[in-house]
Each structure stands twice: as C-alpha cells, then as structure tokens.
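In what follows, a single structure is set out as structure tokens and then discussed.
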Amino acid sequence: MRRITTLACLVMILSVAPTFSRTADGQTRDEQVLKDRDLLSENDNWYYDDLDAATLEAAKQKKPMMIVLRCIP
Amino acid sequence: MVRLQEIKSLADQFICVRLIKCNSLDLQLFQFDYDLTFAAFFLSADKTIIARYGTRNSHDSAEQDVSIKGLAATMASVLKLHKDFDNKKKWVVGKQPGKFRVDVPENFSKLSRFDSELTYEKEVSKSCIHCHQIRDAYREDYRDRNLPVPDKVMYPNPTPLLLGLRFETDSRATVAKVTTNSLAQKSGIKAGDLVQTLNGQAICSTADVQWVLHNQGKTGALDFVIKRPTTLKDTFAKINAKIALDEGWRAKSDISWRTSTWDLRRIVGGGMYLENISDSKRKQLKIPEDKMALNVRSVGKYGQHAVAMRAGIRKGDILVRFNERTDLMSETEVIAYGMQNAKKNQMVTLEFIRNGKPITIKYKLQ
C-alpha cells in the first residue's frame, strides 16, 4: 500500500487547481477525479466518501471529524 | 507560525473524511457557502457542527482567503472546543443548520437528472453535482414557483468585508484590517483583535463569522467578544463591540465573483457579463454619477446563454436602463432586480449606448 500522510492529502486537497478541462500536467477532469480517489482511498487516515463509517469511528475513538469538500475542477 | 509537523499532529487528532460530490449530500446537515471551491466541516460524532472553514471574497484570489495555516488554526480551536464538549455545546448552538427546502440536491427539479452516485467508469466528472449547482437549483426553484428570491438566498454567506473587516488568512479570526469609516471601525474593532465569540457562538474561522451574518434578518445586531493584545507581553484585554445592521445591509454584498452568478447572468442578462465603467468613460459619455452605466464585458455565444447576443447586444455596449430602472449601479444590483422584481419569461426592455448613440433591445428573462 502506498504510504501517504494525512498532511500530504490535506495539502493536495487544499491546493488551488486550475479550472480548465485539462490541467497543466495534461490531466483531464475525469483523470483528476480518479487520481483523487486513488490517493485518498489508499490512505488509512482518510475516509473516502463514507461519512457513515467515519461517524462510527469518530464515536469509537472519541475524536471530532474533519470533513473536507473540495471540488475537482 | 504553524509548522508542518504541527499541522500533521493536529490532523491526526481528527477522523478525516473526504466528500467528493454533492450527489446525495445531506442538505439538512451540510449547509455552507456553496460557491466555495474548498470547504471543511468539523463535526462531533453525534453530527453536531463545531465549526465551518472556507471563505472566498473574489474569483481570482483564493490564496488570500484560505490557507493550510488558517485551516490549522481552525483545527486547533475545534480541538479545544471538542474537549469536554458536552459542557461546551452552548457555544455552537447557533452553528447548527436550519430546515432546508430539500433533503438532497437531486430533489431539486433542476438536478433531478443526476444519480445519487458517481459513474466512475464513464465521464465521472459529468455525473457529479458540484456545490454551486445547489445554489443554482435553489434559486431556480424560487423562479419556477414565480416567487422572488429572498435576500438570504440572493446574497448568501455575506463576507465580513461588508462590515469593513478582513481577517488574517493564516489565523482563525484575527483582524488583519479595518476599513476606514466602516461599521467595524465605528464599533471600535481594531487590527490585531482576535474574535472570540460572535452572538454567543465560538468563532473558529471566518466562515463561522459568515454563518452568523448569513442568519441575520433584514436588520441585525452583532455582539463581538474580542481578545485584544495589550502593551504587556502575553496579556490581553477583553473587549465588547456591537454592530447594528440596518435594513438593506445584505444587499450591499457583491455576488459577481460567485460561480453561481454565471447562471444568474443567463436568467437575468441573457448571458451578458456586466462590469462598471471607468470614471473617465462615464465623463466622456456624460452620464451622471448616480445613473446606471455598465459595460457589456462579454455575451454568451451558446444556447440559453446566447439570448442577449441573439437579441442584438454586443460586447462594449453600455447599459443605462433596465426596464424603468436607471439606478442599478452594479451587475449585482441588475441581477438582484431581475431575480426579485421580475418573473420568468417576462419581457424586459434595455437601453444601451453604442458608439455614442442610444439603442433599445428587448428579450425575455429566463
């Protein structure tokens, strides 16, 4: 499993990406969405699009949740 | 200064969730500024909202509104609130959502074509409901029911700039600048002040301030509790500041930067993108300072965004009258007039100046 830190994911999510259909590195929007899914879903520290599972874990660990909504441009 | 290691340490104290679409988003819970490109919610395990993060003041300068350090500052304040949370819930009571018109975005007729899940295997980005589409659909819902769009929906999540306040990007709510002669300055708020609470709610971010503003009525009262540094090292004074919001306060918002305004340009302007003309151009055209003079920056070329073009409106035309109104001084005011005072399919008459000569053009609103 690829190791990606929570911080790296945060930086990636927060970074301001261009709003064109194809980015500077040549990725289409669809490719960006899939890359985002691959990056986050392989990270043990992030729940990818699964609020129910995250809520259960938050209750178990007695932690607050940080829910990030970031549009893929 | 927040170091990267500290941010990682903060993030490790949360259950981190990435929501990647608004399809099937619970709108009875997730109520925020839908024109943002980045937003974060902080919830307890029982789904009590502790804080919101994410703000925006213009189309091109997102880096002035959000930052990793600013997010970290909000995260730190959320962790403080979450500790012994049962005894602190009174500080977040006002942050909880109200009743929304629909439970999920797909329940708006404008978004009913979307499924609740994304189609990853084919054109995934086209299967996604974007945040701003919730705003688009909400406004169009009023339009379809022949109702004027209420101020709260027309001018959502007002920015603190309306009060004359700009917060430091890298802080949770430290005042960076107070505009001269603004409501904030008159209340006594100063640069360097850290907002602790607003109307009894713990302020963890600029977005929290905006949520309080969002829920004010036609008039409003804002009670700030502020921590102000003193001349003695590491000592602070507690300051109270009050701001009264007079009727019409919200309509001073500038919505031109919002992504959802693109759809409003179609509905009201037939696809026109308007901008204020320069003072020199105004003088050249001999248009008084209190009269409308808006330059057509561009017109849409396709589909429903080409109504203005097909009606004969051209880039560079100067709009000086919209129906009977000659006092609409910005694109925002024109759009608000159309959304709040004119109905779908209503014919409107616009007067322009082109090459120094007046021309009149009519088209139907959408």
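Computed values, structure above
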| quantity | calculated |
| --- | --- |
| Residue in the stretch B:100-115 that is among the charged types (D, E, K, R), within 24 Å of A:Thr55 (Cα to Cα) and not in a loop (DSSP other than H, G, I, E, B) present | yes |
| Of all residues in the stretch B:10-36 being in a loop (DSSP other than H, G, I, E, B) and farther than 21 Å from B:Ile134 by Cα, the one that is nearest to the other protein chains (Cβ to nearest Cβ) | B:Phe14 |
| Set B:Ile287, B:Ile313, B:Ile335: member being under 25 Å from B:Cys131 (Cα atoms) and among the aliphatic types (A, V, I, L, M) | B:Ile335 |
| Residue within the stretch B:208-216 that is farther than 21 Å from B:Trp249 by Cα and either at pLDDT 95 or above or open to solvent by 50 Å² or more (accessible area, probe 1.4 Å) (or both) present | no |
| Matching entry among B:Ala293, B:Ala311, B:Ala342, B:Ala306 (being touching a helix residue (DSSP H, G or I) at 6+ places or on another chain (Cβ under 6 Å) and aliphatic (A, V, I, L, M)) | B:Ala293 |
| Residue ranges of helices (runs of 4 or more DSSP H) in the stretch B:189-296 with at least 2 members out of contact with any Ser or Thr (no Cβ under 8 Å at 6 or more places or on another chain) and at positive phi | none |
| Selection from the stretch A:42-62 of residues that are within 21 Å of B:Ala72 (Cα to Cα), more than 17 Å from the chain's Cα centre (by Cα) and open to solvent by 50 Å² or more (accessible area, probe 1.4 Å) | A:Gln61, A:Lys62 |
| Selection from the stretch B:37-72 of residues that are among the small types (Gly, Ala, Ser), part of a loop (DSSP other than H, G, I, E, B), touching a residue at least 60 places away in the same chain (Cβ under 8 Å) and at the interface with chain A (Cβ under 9 Å from one of its Cβ atoms) | B:Gly54, B:Ser67 |
| Residue identified as surrounded by 13 or more Cβ atoms within 10 Å (Cβ to Cβ), more than 10 Å from chain A (Cβ to nearest Cβ), small (Gly, Ala, Ser) and more than 22 Å from A:Arg70 (Cα to Cα) among B:Gly94, B:Gly98 | B:Gly94 |
| Selected residue (only one of B:Ala137, B:Ala76 is part of a helix (DSSP H, G or I), open to solvent by less than 20 Å² (accessible area, probe 1.4 Å) and more than 10 Å from chain A (Cβ to nearest Cβ)) | B:Ala137 |
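Per-residue answers, yes or no, for (1) open to solvent by less than 40 Å² (accessible area, probe 1.4 Å); (2) not charged (D, E, K, R):
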{"residue": "B:Ile15", "(1), (2)": "yes, yes"}
{"residue": "B:Ser24", "(1), (2)": "no, yes"}
{"residue": "B:Leu27", "(1), (2)": "yes, yes"}
{"residue": "B:Tyr34", "(1), (2)": "yes, yes"}
{"residue": "B:Ala39", "(1), (2)": "yes, yes"}
{"residue": "B:Asp46", "(1), (2)": "no, no"}
{"residue": "B:Tyr53", "(1), (2)": "yes, yes"}
{"residue": "B:Asp60", "(1), (2)": "no, no"}
{"residue": "B:Leu71", "(1), (2)": "yes, yes"}
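Each row is one residue, and each column tells you yes or no for (1) of a type in the set (Ser, Thr, Tyr); (2) in contact (Cβ under 8 Å) with a residue 24 or more places away in the chain; (3) farther than 18 Å from B:Asn157 by Cβ.
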position	(1), (2), (3)
B:Leu194	no, yes, yes
B:Ser205	yes, yes, no
B:Ser256	yes, yes, no
B:Tyr273	yes, yes, yes
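The values are calculated or read from the model by the stated rules, or taken from the named source; none is laboratory data. Only a predicted model underlies this, so the values are computations on that prediction, with no experimental measurement involved. Neighbour counts are summed over all protein chains in view; Cβ atoms, including those assigned to glycine, are modelled from backbone coordinates with ideal geometry. When the accessible area is computed, the model is the full protein with side chains, heavy atoms only, and any ligands, DNA or RNA have been set aside. Shrake-Rupley method; radii C 1.70, N 1.55, O 1.52, S 1.80 Å.
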